[in-house]
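Values quoted throughout were computed directly from the atomic coordinates according to the rules given, and no laboratory measurement underlies them. What you see is a predicted model; the values in this text were computed from it and never measured. Virtual Cβ from ideal backbone geometry, glycine too; neighbours counted across all protein chains shown.
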């Protein structure tokens, strides 16, 4: 490279160094990383808080575990939300591994699954996979 081009490159490098463009870029990049990390920590705290609230609410829920009382009740006499809440209790607290797709079930399917979940709970086979019962679309 000839001396004129070298001088030009040195001058361009001095101008760039004096402007501190690289330093400002690195500072902005590190600040953006710090902001993203703080936002992630905040999102994790919110997620943990919601999970704790859900867990506390579920532990405070009192499911109907008496088969005689369930026989007295009817599918039309109970709310779908309460039936689903009981199924969620059996899945999460009772460790029933056979309850899948709770929110996709219609009320009659949820009722039949709830009765079977209570039966499995009493039989002590809730946590055993493959103990589900095939349900018909109609409930007696």
Any hit, segment 28-36, residues being in a helix (DSSP H, G or I) and touching a helix residue (DSSP H, G or I) at 6+ places or on another chain (Cβ under 9 Å): no
Residues being more than 16 Å from residue 61 (Cβ to Cβ) and surrounded by 18 or more Cβ atoms within 10 Å (Cβ to Cβ) - total across segment 88-108: 2
Test result for residue 53, assigned to a helix (DSSP H, G or I), more than 30 Å from residue 13 (Cβ to Cβ) and more than 22 Å from the chain's Cα centre (by Cα): no
In segment 60-87, the residues that are surrounded by fewer than 19 Cβ atoms within 10 Å (Cβ to Cβ), part of a helix (DSSP H, G or I) and touching a residue at least 12 places away in the same chain (Cβ under 8 Å): 67, 70, 80, 84, 85
